[in-house]
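The values are calculated or read from the model by the stated rules, or taken from the named source; none is laboratory data. In this text the structure is predicted, and so the values were computed from the model without any measurement. Here Cβ is always computed from backbone atoms with ideal geometry, including for glycine, and neighbour counts include all displayed protein chains.
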Amino acid sequence: MIARPEAAALEPLLEQLGLRQAAAVLPDWLDRAASQEFSYADFLHGLLEEESVARANAATQKRLRQAGFPYPATIEQFDFRFRPELKRQVVLRYLDPTFVEQARTLALIGPPGLGKTMLAICIATKHIQLGATTRFITAQHLANQLGRALTSAGRQRVLRPLLACDVLVLDELGYLPTLAGFGPALYELIAGRYEKRPTLLTSNKSLTEWAAIVQDASLAAALVDRILHHGEVFYLKGPSFRLKGRSLESEVVAAAAAFTNGTDGGLEAEHRTGGPEDAVR
């Protein structure tokens, strides 16, 4: 049996080796080993397993922070009952490691409020949990970054992390007008990831309208061709998540009344941020 006084000598050594979690749980494992008469191999395996789990969790949290999601969301939070056109078993295929291995593409298309962004974050989060790196960016933010990049080198600095990440989420494509240079950059991004790394896109525009987004019909056709070759398109429909249990007409009337009265009362709920219910797109 390893005596408790020896823990004081072992903890600094474990810390020095970078085994911080092992150092933290060492006293508990010494007690457990003594009371349950663990073998040396079982004791060491249990101690190092805790270190391994802690490192994996820390790495996952780091990848989640690096992803830049606007809010956290997991597939367990997604209400498939509210989106019956999305078959759960079909969506679950995109949570499988083969989505990354096969460099597939998924485009979620429909009006605002249907959960496109939340679903994309749910899928990307699952792959982060499986060990993948992810980046989230809105089309407008990408366009703004490219607009500030005055040189070819600057443009590559913007695109490089988006090309290199395991899973890319490109959100809100087509919501706002972009400059003429956005189309070629978008094509470079999609073509660069094509058959190499998977991409999730959300848009309020159908594929037939993408020519207006990139301001070039041929470019739009090339984009769509690459997206569809190893991917699928889900068209979402139905009522907005934000208006569950409420009618759009009543919300418009309430907002108009609040505006007339000089207050923002009717709009307050729609401007909260921080969670999936507040930011469903």
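Remarks
- Within the stretch 75-98, residues that are in contact (Cβ under 8 Å) with a residue 40 or more places away in the chain have Cβ atoms under 8 Å from residues that are loosely packed, with under 14 Cβ neighbours inside 10 Å and among the aromatic types (Phe, Trp, Tyr) in these pairs: 85/235, counting only partners at least 6 apart in sequence or on another chain.
- Test: residue in the stretch 31-51 that is within 30 Å of residue 233 (Cβ to Cβ), in a loop (DSSP other than H, G, I, E, B) and polar (S, T, N, Q): no
- Pairs with Cβ under 7 Å, 6+ apart, first in the stretch 140-153 and under 21 Å from residue 174 (Cβ atoms) and at pLDDT 90 or above, second assigned to a helix (DSSP H, G or I) and not aromatic (Phe, Trp, Tyr): 145/158; 146/155; 146/158; 146/185
- Applying the condition of being of a type in the set (D, E, K, R) and in a helix (DSSP H, G or I) to the stretch 54-80 and asking which residue is farthest from residue 241 (Cα to Cα) yields 55.
- Options 129, 102: the member that is in contact (Cβ under 8 Å) with a residue 40 or more places away in the chain and under 19 Å from residue 227 (Cα atoms): 102
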